[in-house]
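The values are calculated or read from the model by the stated rules, or taken from the named source; none is laboratory data. Bear in mind that the values here come from a model prediction, so they are computed numbers and not experimental data. We place every Cβ from the backbone using ideal geometry, glycine too, and count neighbours over all the protein chains shown.
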Amino acid sequence: MSRETELVLSNGLVLDTQEFEFRFVRASGPGGQNVNKVASAVELRWDLSHSTCLPPGVRYRLEALAGSRVTDEGVLIIQAQRHRTQERNRADAIERVVELTERALTPPKPRKKTRPTRASKRRRLEGKRHQGDKKRLRGKDYD
């Protein structure tokens with residue numbers, strides 16, 4: 001059974017799956033004897049800092065999106081144990097990496113500076129004045 005070594009993403013970026021390292025471990029949770037005997041959970045490791053297929057901008061966004069799933073050395077770790085078989089968990093881990101990378105492909109929209117309108121400034125100041133009047137009326141000796 002031959003595996004694909006390349007994954008093509010939506011914008012044409014190609015991920016080399018040979019950069020992925022898989023470790024198979026025992027899954028936690030229910031499953032009876034099966035869970036104690038079979039290493040069906042998958043830990044996918046991808047060294048982002050040494051990846052040749054990621055442009056720098058995408059890599060930085062991917063690290064930010066992944067958050068605590070990226071180690072201090074720049075290795076992305078995805079754990080998959082939803083399914084009962086190694087193969088399905090492996091496919092699930094790859095699917096999650098692709099989804100995360102797809103999200104990192106689109107750069108964030110730059111914020112446009114805006115100024116408050118004159119009417120919104122007026123409403124804000126009127127609200128502050130009204131609040132101040134309320135508090136002043138609570139004071140002593142105001143008749």
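Regarding the range 33-40, can at least one residue be identified that is closer than 27 Å to Ala64 by Cβ, at pLDDT 75 or above and not charged (D, E, K, R)?
The first filter runs over the range 33-40 and keeps only residues closer than 27 Å to Ala64 by Cβ, leaving none.
No, every residue in the range 33-40 fails to be closer than 27 Å to Ala64 by Cβ, at pLDDT 75 or above and not charged (D, E, K, R).
Go through the range 63-79 and give me each residue that's among the aliphatic types (A, V, I, L, M), surrounded by 12 or more Cβ atoms within 10 Å (Cβ to Cβ) and farther than 14 Å from Val98 by Cα. Explain how you work it out, then say what you get.
Looking only at the range 63-79, we keep the residues that are among the aliphatic types (A, V, I, L, M), and these are 64-66, 70, 75-78.
From what's left, surrounded by 12 or more Cβ atoms within 10 Å (Cβ to Cβ): 65-66, 70, 75-78.
Val70, Val75, listed by residue number.
Take the range 1-27 and flag every residue that is surrounded by 10 or more Cβ atoms within 10 Å (Cβ to Cβ), at pLDDT below 75 and either under 24 Å from Gly57 (Cβ atoms) or not aliphatic (A, V, I, L, M) (or both).
Matches in the range 1-27: Ser10 only.
If we keep just the residues of the range 117-127 that are of a type outside the set (A, V, I, L, M) and surrounded by 10 or more Cβ atoms within 10 Å (Cβ to Cβ), which is nearest to Val14 (Cα to Cα)?
The residue in question is Ser120.
Being out of contact with any Phe, Trp or Tyr (no Cβ under 6 Å at 6 or more places or on another chain), more than 30 Å from Leu13 (Cβ to Cβ) and without any contact (Cβ under 8 Å) to a residue 24 or more places away in the chain: is that true of Arg111 here? Full working, then the answer.
Working: out of contact with any Phe, Trp or Tyr (no Cβ under 6 Å at 6 or more places or on another chain): yes; more than 30 Å from Leu13 (Cβ to Cβ): no; without any contact (Cβ under 8 Å) to a residue 24 or more places away in the chain: yes.
Against the criterion (out of contact with any Phe, Trp or Tyr (no Cβ under 6 Å at 6 or more places or on another chain), more than 30 Å from Leu13 (Cβ to Cβ) and without any contact (Cβ under 8 Å) to a residue 24 or more places away in the chain), Arg111 does not qualify.
Would you say Lys134 is over 15 Å from the mean Cα position of the chain (by Cα) and either assigned to a helix (DSSP H, G or I) or in contact (Cβ under 8 Å) with a residue 12 or more places away in the chain (or both)?
For Lys134, the condition - over 15 Å from the mean Cα position of the chain (by Cα) and either assigned to a helix (DSSP H, G or I) or in contact (Cβ under 8 Å) with a residue 12 or more places away in the chain (or both) - is met.
Would you be able to say whether some residue in the range 45-55 is closer than 24 Å to Glu87 by Cβ and modelled with pLDDT under 80?
no
Exactly one condition in (1) acidic (Asp, Glu); (2) closer than 30 Å to Ser40 by Cβ; (3) out of contact with any strand residue (DSSP E or B) (no Cβ under 7 Å at 6 or more places or on another chain) is false for Glu126; which is it?
Result: Glu126 passes all but (2).
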